[in-house]
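What follows is a set of notes on a single structure, which appears directly below.
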């Protein structure tokens with residue numbers, strides 16, 4: 001988890017492929033070039049996984065927006081993982 005939060009590559013090649021694809025999907029606002037989708041699939045993923053990643057990004061965006069607008073406090077169980085302002089800006 002520390003590597004993910006720091007934006008560093010993951011040791012596991014398949015998880016790193018997933019991380020990179022997720023970042024591409026976010027940064028390109030869903031407009032990932034087909035050759036990048038194909039490269040993702042060539043690493044053992046499927047088109048269903050593309051939809052899974054897209055769905056989870058949408059869900060995270062929705063829940064984060066609602067949480068921020070509602071000023072909901074962070075659940076006590078998650079306090080040890082709370083992001084600092086600097087981490088939030090670089091994520």
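Structure summary
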| quantity | calculated |
| --- | --- |
| Qualifying position, being in a helix (DSSP H, G or I) and either in contact with a helix residue (DSSP H, G or I) (Cβ under 6 Å, 6 or more places away or on another chain) or modelled with pLDDT under 95 (or both), among 3, 20 | 3 |
| Of the criteria (1) at pLDDT below 95; (2) not in a loop (DSSP other than H, G, I, E, B), which one residue 8 fails | (2) |
| Contacts under 8 angstrom Cβ, first residue in the stretch 10-21 being without any contact (Cβ under 8 Å) to a residue 12 or more places away in the chain, partner buried (at least 17 other Cβ atoms within 10 Å of the Cβ), 6 or more apart | 10/19 |
| Qualifying residue in the stretch 56-71 (condition: surrounded by 12 or more Cβ atoms within 10 Å (Cβ to Cβ), at pLDDT below 90 and outside any loop (DSSP other than H, G, I, E, B)) | yes |
| Residue, surrounded by the most Cβ atoms within 10 Å (Cβ to Cβ), within the stretch 22-40, restricted to residues that are closer than 21 Å to residue 83 by Cβ and free of Cβ contacts under 8 Å to residues at least 12 places away in the same chain | 23 |
| Any chance residue 53 is surrounded by 12 or more Cβ atoms within 10 Å (Cβ to Cβ), touching a helix residue (DSSP H, G or I) at 6+ places or on another chain (Cβ under 6 Å) and not in a helix (DSSP H, G or I) | no |
| Residue identified as over 16 Å from residue 58 (Cβ atoms) and either part of a loop (DSSP other than H, G, I, E, B) or touching a helix residue (DSSP H, G or I) at 6+ places or on another chain (Cβ under 8 Å) (or both) among 30, 44 | 44 |
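The values are calculated or read from the model by the stated rules, or taken from the named source; none is laboratory data. All figures in this text were calculated on a predicted structure; none of them were measured in a lab. All Cβ positions, even for glycine, are placed from backbone atoms using ideal geometry, and neighbour counts span all protein chains on display.
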